[in-house]
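The values are calculated or read from the model by the stated rules, or taken from the named source; none is laboratory data. Quantities reported herein were computed from a predicted structural model and do not represent experimental measurements. Here the Cβ positions follow ideal geometry from the backbone for every residue, glycine too, while neighbour counts run over all protein chains shown.
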Amino acid sequence: FFKSFLLLGSALFEFDQIVGTVIYLFTSLFPNQTARTPKAELRADRTSIPAGGAVTLTCDVNPPSPGWTYILFRGDHPGTHDDGKNFNGRISVSKGGVYRCRGERGEPVYYTEYSDSVTINIILSDRAVVTLQPHWTEIYNEEKITLRCEIEGGDNSEWEYEWKTSSSFKPPKEKEYSIGPANTSHSGNYSCKGRKKSDQSPTGWSDPITLTVLYSSPQPVLTVSPLWLSPGDSVTLNCEVKHPSAGWRFYWYEAIPKLSDNSYNSYNSYNSYSYQLLSGSRDGTEKYSFIVHGQTHTAGYVCRAGRGEMNTPYSEPKFVWSGDLPSSASLTVSPERVQHFTSDSVSLECKGNSTQWRVKFQWDSFLADCSLWDKMTGSTCTIEEYRLRNNVYWCESGSGEFSNAVNITKQKSEIILVSPVHPVTEGSSVSLSCRLRRSDIVSNVFFYQNNKLIQNDTRKELNISAVSKSDEGFYKCQTSGRESSQSWMSVTGE
């Protein structure tokens, strides 16, 4: 084994020499051509901390570019902090020493140059300091935390300890005070001091540290992007929670429609769906963002955060929409257009392999149900006359499927654009027109795409014989001194 080890070391040495020779020849022959490997940059919000304190280190890449994760080094070895080996750019450390970082991304992994070093100094003095483990001054009901009384500069002396607090509980006369499960009565200021056992000489009281115990865990808020899909898009999920860097891990779920049991409640979105962990989310993620690749159809997502033994509630479900008609569940509209007068009755019909249906719509940030706001009969939702609407609608089936989504507007205006409610396939023909509430159109109609005039003549329709991707966009019309609202026309591949 030892001989093999020596042979391997010799081979590596020779390879290193060869690489060095190649680099030397390259730089000699092409002095102006240098490989521009990006370099990591490490910054600290302060470089001196008391014993038991912490400093935040930030690592990023210069010049900036997306996709990097980072490795932290203390001395010549990877960091041993819980989050130190790989982290997302910000990390809290409590040990002194010389730190460096570098970035990595891709497969196979591509590394940046090491950052310049940053030295963190621990300030020592013969005084007491209260520290927390974990380092969170704000915790939630039922969580656990330990307070420690550290004596800075206390050499090897043996110490006795004393605590004072404004909370409802009196800590024992020991170095550590463990709280768990915590409740709101543990909230308050905590100070400590030490007394040498040898001569009973005391330190002063430490600076107080304020611990806040909140009754309920934070409510995460999920955002999704983009809202409307093109087939195969990647969807980015972001889960916002109070103090996102304070030890949270994030869990990501797909929302599955639930209609077939008594738990369904149109008023409560939490009971309207079951949640299935997304692939790659089983152990949670340190980052508060998550990417779903290759999404092709309307889908719902939720998130939650956890740390230790505590989990937050689920977020409200958020949706990404596809206008393409899937085979298993579909939504059709009658009259088949985007814009409608308030005097129109509009029918939305769910079709597919299910006997149970509901129609959902997004009203600003509010998730609503047709059965509560309009009229649901079997698989058909009817938006009755004189109801203003400007919403995205979709069907959900008892077998857990989503339909395509449609955008419907009902307006008080005297003019509307008649345009397709579903995406138009490339190569097919399409016709757009203008409609007045109380009269026929007698004058010319002007048609605009993305606010640019594209037709101005005696024709009352805009006819496109073979639709292409360039025809996608916002359309509106003008006639008789009136102008319609604009609506989006989507174009999909054949």
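Pairing residues of region 439-463 that are of a type outside the set (Lys, Arg) with residues that are surrounded by 11 or more Cβ atoms within 10 Å (Cβ to Cβ) and not in a strand (DSSP E or B), at Cβ distances under 6 Å and at least 6 apart in sequence or on separate chains, gives Ile441/Lys460; Ser443/Ser480; Val445/Lys460; Thr458/Asn444.
Counted as qualifying within region 432-473 are the strands (runs of 3 or more DSSP E) with 2 or more residues that are aromatic (Phe, Trp, Tyr), in contact with a strand residue (DSSP E or B) (Cβ under 7 Å, 6 or more places away or on another chain) and surrounded by 12 or more Cβ atoms within 10 Å (Cβ to Cβ), namely 445-449.
Scanning region 437-447 for residues that are within 17 Å of Tyr475 (Cβ to Cβ) and modelled with pLDDT of 85 or more returns Asn444, Val445, Phe446, Phe447. Only residues that are part of a loop (DSSP other than H, G, I, E, B), within 30 Å of the chain's Cα centre (by Cα), more than 30 Å from Val320 (Cβ to Cβ) and in contact (Cβ under 8 Å) with a residue 60 or more places away in the chain were counted across region 178-225, and they come to 1. The set of residues in region 399-420 that are under 18 Å from Glu483 (Cα atoms), among the small types (Gly, Ala, Ser) and either surrounded by fewer than 19 Cβ atoms within 10 Å (Cβ to Cβ) or assigned by the TED database to the domain that holds Gln295 (or both) contains only Ser413. Screening region 35-53 for residues that are surrounded by fewer than 16 Cβ atoms within 10 Å (Cβ to Cβ) and more than 21 Å from Val109 (Cα to Cα) and picking the one that is modelled with the highest pLDDT gives Arg43.
At least 3 residues being without any contact (Cβ under 8 Å) to a residue 60 or more places away in the chain and under 35 Å from the mean Cα position of the chain (by Cα) is the threshold, and among the strands (runs of 3 or more DSSP E) wholly inside region 330-369 those reaching it are 346-352, 357-363.
For every residue, the table says whether it meets (1) within 28 Å of Asp364 (Cα to Cα); (2) out of contact with any Cys (no Cβ under 7 Å at 6 or more places or on another chain).
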site	(1), (2)
Cys381	yes, no
Ser403	yes, no
Lys412	yes, yes
Cys434	yes, no
Phe447	no, no
Ile454	no, yes
Ser465	no, yes
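Apart from one condition, Ser168 fits all of (1) surrounded by fewer than 18 Cβ atoms within 10 Å (Cβ to Cβ); (2) out of contact with any Phe, Trp or Tyr (no Cβ under 8 Å at 6 or more places or on another chain); (3) modelled with pLDDT under 90; the exception is (3).
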